[in-house]
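Taking it in order: structure first as C-alpha cells, then the write-up.
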C-alpha cells in the first residue's frame, strides 16, 4: 500500500513537471561539453601518440618517460627550495 502511494505521488510530480516543460536529470556540465580537463588530456594523448609514431615505439613508453621526468623535476624543485 505504501509503495502504491509513493508511485502515485511520483507519477503526479512527473506529470506536473512535464506540463511545465521541465526536464529531469543532471544539468549539463563543462566537462560533458568536451572542454577543460578532458580536452587537455585528449591533446596530450594525441601528442604522445604522434611522438611514439615518430620514434616507432609504444605510446606507453613515451607517457611513462614523461611521468618519470615530471617526478624528477618535482623532486628537484622540492630540494632546491630548501
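A crude spin-label estimate for the pair residue 63 and residue 7, with each label 7 Å from Cα along the Cβ direction, gives 4.7 nm.
In this simple spin-label model, placing a label point 7 Å from the Cα along the Cα-to-Cβ direction at both residue 46 and residue 72 gives a separation of 2.9 nm.
In µm²/s, what is D for the chain at 10 °C and 1.306 mPa s, where D = kT/(6 pi eta Rh) by Stokes-Einstein and Rh is the Kirkwood radius from Cα pairs?
Values: Rh = 18.1 Å.
It diffuses with D of about 88 µm²/s by this estimate.
Once both axes come from the Cα atoms, what is the angle between helix 2-19 and the longest principal axis of the chain, in degrees from 0 to 90, rounded to 10? Taking Cα atoms only, the helix is inclined about 80 degrees.
All of the numbers you see were taken from the coordinates with simple rules; none came from a lab. These numbers were taken from a predicted model, which means no experiment stands behind them. Using ideal geometry, Cβ is built from the backbone for each residue, glycine included, and neighbour counts are taken over all protein chains shown.
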